[in-house]
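K.L.:
Handing you this structure, nothing more for now.
The values are calculated or read from the model by the stated rules, or taken from the named source; none is laboratory data. This structure is a prediction, so every number in the text was calculated from the model and none was measured. Methodologically, a virtual Cβ is constructed for each residue, glycine included, from the backbone with ideal geometry; neighbour enumeration extends over all protein chains shown.
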Ligand SMILES: *[C@@H]1O[C@H](CO)[C@@H](O)[C@H](O)[C@H]1NC(C)=O
């Protein structure tokens, strides 16, 4: 099996693995030399459309989140455009969407989580899994900033939106985590 023709689901899987493992090593020191050389490798792989390239998988799945952020910054500095904009539109949509999501999340977790919240609340019905996941996992971390970002983007405070969309004990739990007295 050639590396450039693996099933798209394989990439999606690898990226999920990459995200999970990347989040485990947030605090590591950044190696700028490494960031520069890996930004170049990513660029070459993207240019040649070799997304399943061993280097790509290795970089995304083994580097810490801070190291990857440094790599994406180098990429932008060197290429004059961000890596998520550089990805072509003609690949498997599912793969690209996941890759973009992964890259955005690594670049700016708060912005990413705000978007997940917005998507889980807007429209008919509520994606309770996504809503719960973000609020519970970010509660002790950056939920305050995510709330501010949400308010700014949607012109409505997150707790008001959650209050309108949920009910009962579930609502009370979310509102408590959001810092409200219930
Ligand atoms: C940084 O990465 C380069 C390239 O892989 C390596 O040669 C160097 O030893 C690393 N520096 C540190 C401080 O780990």
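K.L.:
Among (1) touching a helix residue (DSSP H, G or I) at 6+ places or on another chain (Cβ under 9 Å); (2) at pLDDT 70 or above; (3) surrounded by fewer than 17 Cβ atoms within 10 Å (Cβ to Cβ), where does residue 91 come up short?
P.N.:
Answer for residue 91: the failing condition is (2).
K.L.:
Here's something else I'd like to know. Testing residue 25 on (1) away from the ligand (no atom under 16 Å from the Cβ); (2) modelled with pLDDT under 60, one condition comes back false. Which one is that?
P.N.:
(1)
K.L.:
Given the residues 68, 15, which is the only one that is within 20 Å of residue 113 (Cα to Cα), within 16 Å of the ligand (Cβ to nearest atom) and either touching a helix residue (DSSP H, G or I) at 6+ places or on another chain (Cβ under 9 Å) or at pLDDT below 70 (or both)? Break it down stepwise before answering.
P.N.:
Values: 15 fails: within 16 Å of the ligand (Cβ to nearest atom).
So the residue among 68, 15 that is within 20 Å of residue 113 (Cα to Cα), within 16 Å of the ligand (Cβ to nearest atom) and either touching a helix residue (DSSP H, G or I) at 6+ places or on another chain (Cβ under 9 Å) or at pLDDT below 70 (or both) is 68.
K.L.:
Looking for something out of contact with any strand residue (DSSP E or B) (no Cβ under 8 Å at 6 or more places or on another chain), under 28 Å from residue 133 (Cβ atoms) and at pLDDT below 80 - is there at least one such residue anywhere in region 40-49? Quick ask: steps written out before the conclusion?
P.N.:
Keep residues of region 40-49 that are out of contact with any strand residue (DSSP E or B) (no Cβ under 8 Å at 6 or more places or on another chain), which gives 40-49.
When the remaining residues are screened for being under 28 Å from residue 133 (Cβ atoms), the result is none.
The answer is no, given that none of the residues of region 40-49 is out of contact with any strand residue (DSSP E or B) (no Cβ under 8 Å at 6 or more places or on another chain), under 28 Å from residue 133 (Cβ atoms) and at pLDDT below 80.
K.L.:
Tally up the residues in region 139-182 that are exposed (fewer than 13 other Cβ atoms within 10 Å of the Cβ), modelled with pLDDT of 95 or more and not in a helix (DSSP H, G or I), please.
P.N.:
2
K.L.:
Would you confirm, using the coordinates I've provided, whether residue 60 is crowded, with 19+ Cβ neighbours inside 10 Å, at pLDDT below 90 and within 15 Å of the ligand (Cβ to nearest atom)? Before you say what the answer is, go through the steps one by one.
P.N.:
Working: crowded, with 19+ Cβ neighbours inside 10 Å: yes; at pLDDT below 90: yes; within 15 Å of the ligand (Cβ to nearest atom): no.
Here the answer is no, as residue 60 does not meet what is asked.
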